Amino acid sequence: MSTHVDIKRITIPQITAMKGQQKIVCLTSYSAPFARILDEFVDLILIGDSTAMVGYNMENTLAITVEQMAAHGAAVMRSTQQAAVVVDMPFGSYQESKEQAFRNAAHILQHSNVQAVKMEGGAFLADTTRFLTERGIPVMAHVGLMPQYFNTMGGFKAQGLSEEMAERIYNDAIAQAQAGAFAIVIEGSAESLARRITENVNIPTIGIGASPQCDGQILVAEDILNLSGPRIPKFAKQFADVGAVIREGVKAYAEEVRGGTFPTLDHCFGVKKGLK
């Protein structure tokens, strides 16, 4: 007699409850093939706006749209059963007003079925975070290096290295936690700052170029698998060379097609068995 086992997806409250209990494993995914593999091992999958750069080879993250993010979110949701799934709010979709943020976040949730959204911004965005969470949309905050603000930050530079900047980012994180964010991503920030935030907020911190003391870690999956090209961020580690495996497979395929050894009759239809 077979036993049917229901696999239950990790919920947003469960992610929050992991603080101080176990490290939270997070990776990005933008497509079904990646999502299916990641789902077995991670607690949370983020459809980051890094999709623009990694998936579309755009110069930065600013050009990706709400519709594109929702479509990628839907692909990941259809391909997973276990991991919690969060979608980045793209640039220009939430900064104008709380109402604009709600409309676009609701659109993403309705069209992708993901569980939450992520927004870049600190204390100035706290009212928006509160507005969304009070209306049923969980929010993951994002402080420190914020790629959507690279023009005002002068590029992708480490943040919180001065006392003044560190204090501002710390206050940003506190404001977001108080506004109801369920977790905070801390990116590209001084280690001591990320550790201090982690020790002083009651929600999980997810580090990316932050601190080992963060409650969890997130990286771009392509970065850890050598699929991002030659420019790997300082904070990323290559755990496997999937790029090399793909190159070898494509090379072997090309050689067999050009050499006439693929396909064989074994790969064809309507061929009588045993015919050579």
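Give the residues of region 93-124 that are assigned to a loop (DSSP other than H, G, I, E, B) and closer than 18 Å to H72 by Cα, sorted by residue number.
The first filter runs over region 93-124 and keeps only residues assigned to a loop (DSSP other than H, G, I, E, B), leaving 93-97, 113-115, 122.
Hits for region 93-124 are S93, N113, V114, Q115.
So if I check each of I208, I174, which one is crowded, with 24+ Cβ neighbours inside 10 Å and at pLDDT 95 or above? First the steps, then the outcome.
Values: I174 fails: crowded, with 24+ Cβ neighbours inside 10 Å.
Selected residue: I208, the only one of I208, I174 that is crowded, with 24+ Cβ neighbours inside 10 Å and at pLDDT 95 or above.
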| Can you spot a residue in region 242-265 that is of a type outside the set (A, V, I, L, M) and touching a residue at least 40 places away in the same chain (Cβ under 8 Å)? | no
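Where residues in region 28-55 are open to solvent by 30 Å² or more (accessible area, probe 1.4 Å) and in contact with a helix residue (DSSP H, G or I) (Cβ under 7 Å, 6 or more places away or on another chain), which of them is nearest to A83 (Cα to Cα)? Steps first, answer last, please.
As a first pass, look at region 28-55 and keep what is open to solvent by 30 Å² or more (accessible area, probe 1.4 Å): 31, 33-34, 36-37, 40-41, 53-55.
Right, trim to in contact with a helix residue (DSSP H, G or I) (Cβ under 7 Å, 6 or more places away or on another chain) and you get 31, 34, 54.
Details: S31: 14, F34: 13, V54: 21 Å.
The residue in question is F34.
Residue-by-condition table, conditions (1) free of Cβ contacts under 8 Å to residues at least 12 places away in the same chain; (2) among the aliphatic types (A, V, I, L, M); (3) in contact with a helix residue (DSSP H, G or I) (Cβ under 9 Å, 6 or more places away or on another chain):
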residue: A123; (1), (2), (3): no, yes, yes
residue: D127; (1), (2), (3): no, no, yes
residue: L132; (1), (2), (3): no, yes, yes
residue: V143; (1), (2), (3): no, yes, yes
residue: P147; (1), (2), (3): no, no, yes
residue: M165; (1), (2), (3): yes, yes, yes
residue: N171; (1), (2), (3): no, no, yes
| What number of residues within region 255-276 are open to solvent by 100 Å² or more (accessible area, probe 1.4 Å) and either aromatic (F, W, Y) or part of a helix (DSSP H, G or I) (or both)? | 5
| request: Kindly list the number of the only condition in (1) assigned to a helix (DSSP H, G or I); (2) among the hydrophobic types (A, V, I, L, M, F, W, C); (3) touching a Pro at 6+ places or on another chain (Cβ under 9 Å); (4) open to solvent by less than 60 Å² (accessible area, probe 1.4 Å) that fails for A252. | output: (3)
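Matching residues to (1) open to solvent by 10 Å² or more (accessible area, probe 1.4 Å); (2) farther than 20 Å from F182 by Cα; (3) touching a Pro at 6+ places or on another chain (Cβ under 7 Å); (4) of a type in the set (S, T, N, Q):
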residue	(1), (2), (3), (4)
N57	yes, yes, no, yes
A83	no, no, no, no
A105	no, no, no, no
N113	yes, no, no, yes
M119	no, no, no, no
L125	no, no, no, no
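The values are calculated or read from the model by the stated rules, or taken from the named source; none is laboratory data. Quantities reported herein were computed from a predicted structural model and do not represent experimental measurements. Every residue, glycine among them, receives a Cβ derived from its backbone with ideal geometry; neighbour counts consider all protein chains shown. These accessible areas exclude ligands, DNA and RNA; they are computed on the full protein's heavy atoms, side chains included. Shrake-Rupley method; radii C 1.70, N 1.55, O 1.52, S 1.80 Å.
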